[in-house]
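The values are calculated or read from the model by the stated rules, or taken from the named source; none is laboratory data. None of the values given here were measured: they were computed from a predicted structure. Please note: Cβ atoms are built from the backbone with ideal geometry, for glycine as well, and neighbour counts cover all protein chains shown. Remember, those area values only see protein heavy atoms, side chains included, never the ligands or the DNA or RNA. Shrake-Rupley method; radii C 1.70, N 1.55, O 1.52, S 1.80 Å.
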Amino acid sequence: MSVINKISEKDLQGIKLLKNEPLSHYSNTCTGGPADFLAFPKEISELKTLCLWAQQESLPLTILGNASNLIVKDGGIRGLVIILTKMDQVVVENNQVIAQAGAAMIKTTQVACQAGLSGLEFAAGVPGSVGGAVFMNAGAYGGEIKDQVSEVTVVDYEGNEKHYTNEELAFSYRHSRIQEENSIVVAATFDLKPLEKHLIREQMDQLNFLRASKQPLEYPSCGSVFKRPQGYYTGKLIHDAGLQGYSIGGAQISTKHAGFIVNKGNATATNYLDLIHHVQAVIKAQFGVDLETEVRILGEGQ
């Protein structure tokens, strides 16, 4: 599809657009090489302009939310990278919470709690954004995003806006149809149920306590690294293989939770990837189990 209206420098004015920007400044692992261009749109119109500009200039397009469950390789990402964290509005309408893609899931759960709306408690400590959570059908403590989403608004790479129902999103374990499409989540509507605020808060506090006691929140990490293989617990497999605490460079399998890899200081993305590959090889050799990564791996390099 050709771009009908050419995007000029004037059209890009007012949009934060950086060149050759290290993505280590934005990723939760504090690793990652540079993006050729890095943009932070504040509204859908700016996002559409950036999509058309990328198409016009033949720039590959990569979309990031909070860059939490993500590893960017040390070679960085070519083309245009868009981070959506400035699109972070969250509003309440009756028994629905409508959140823009860049809104933090933690913020969204807090808004729901203040409105006395229940259903998102499981996500109270999830570090990602709404867009990322929808993209991967994030889940924790028995809940998943698919259980509460009723509608999602997306913009495709050609700047067209679409709306998907829950059924149309084809949710499954850590999957949605967005992963197979050149489209960007821009907002999600959550259907929730009224409940007394103090009961919602109690459940959120309990889950956050469990998270803090079991997960290595004191170090940079990419969250849960591997998907849970059917019939097994990933953390137990890694622990039983004697890998807990194993390090490559500054990347270490957490001594607190074996399903996490933390940055103990000056880790590179290559350290992370080497450690992931080592874990996969050892678990395959010892138990015959193939560990599939949950973390999204992007960019150039190893």
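See the values below:
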| item | result |
| --- | --- |
| Complete set of residues in region 138-169 that are open to solvent by 50 Å² or more (accessible area, probe 1.4 Å) and outside any strand (DSSP E or B) | Y141, G142, K146, D147, Y157, E158, N160, E167, E168 |
| Members of region 17-48 that are more than 30 Å from Q252 (Cα to Cα) and open to solvent by less than 30 Å² (accessible area, probe 1.4 Å) | A39, F40, P41, E46, L47 |
| Residue identified as farther than 21 Å from K197 by Cα and outside any strand (DSSP E or B) among F135, F122 | F135 |
| Residue count, region 250-283 (criterion: of a type in the set (S, T, Y) and either under 18 Å from R228 (Cα atoms) or crowded, with 22+ Cβ neighbours inside 10 Å (or both)) | 3 |
| Subset tally (residues that are without any contact (Cβ under 8 Å) to a residue 60 or more places away in the chain and surrounded by 19 or more Cβ atoms within 10 Å (Cβ to Cβ)) for region 172-193 | 3 |
| Every residue from region 79-97 that is among the aliphatic types (A, V, I, L, M) and either modelled with pLDDT under 95 or open to solvent by 40 Å² or more (accessible area, probe 1.4 Å) (or both) | V91, V92 |
| Filter pass, I200 being part of a helix (DSSP H, G or I), in contact with a helix residue (DSSP H, G or I) (Cβ under 7 Å, 6 or more places away or on another chain) and in contact (Cβ under 8 Å) with a residue 60 or more places away in the chain | yes |
| Residue in region 225-232 that is more than 24 Å from the chain's Cα centre (by Cα), buried (at least 22 other Cβ atoms within 10 Å of the Cβ) and either free of Cβ contacts under 8 Å to residues at least 40 places away in the same chain or in a helix (DSSP H, G or I) (or both) present | no |
| Test result for A133, within 26 Å of L50 (Cβ to Cβ), in contact (Cβ under 8 Å) with a residue 24 or more places away in the chain, out of contact with any His (no Cβ under 9 Å at 6 or more places or on another chain) and surrounded by fewer than 24 Cβ atoms within 10 Å (Cβ to Cβ) | no |
| Tally of residues being closer than 21 Å to K214 by Cα and open to solvent by 60 Å² or more (accessible area, probe 1.4 Å) across region 284-293 | 0 |
| Residue among E167, E121, E158 that is over 18 Å from M204 (Cβ atoms), at pLDDT 95 or above and not small (G, A, S) | E167 |
| Close pairs (6 angstrom Cβ cut-off, 6 or more residues apart or separate chains): part of a strand (DSSP E or B) in region 83-96, open to solvent by less than 60 Å² (accessible area, probe 1.4 Å) and at pLDDT below 95 anywhere | I83/L64 |
| Test: A187 is touching an Asp or Glu at 6+ places or on another chain (Cβ under 6 Å) and under 23 Å from F135 (Cβ atoms) | no |
| Residues satisfying the stated conditions in region 98-114, i.e. touching a residue at least 40 places away in the same chain (Cβ under 8 Å), of a type outside the set (S, T, Y) and either surrounded by 24 or more Cβ atoms within 10 Å (Cβ to Cβ) or in a loop (DSSP other than H, G, I, E, B) (or both) | A99, Q100, A101, A112 |
| Among residues of region 250-290, those that are more than 20 Å from L70 (Cα to Cα), hydrophobic (A, V, I, L, M, F, W, C) and part of a loop (DSSP other than H, G, I, E, B), counted | 1 |
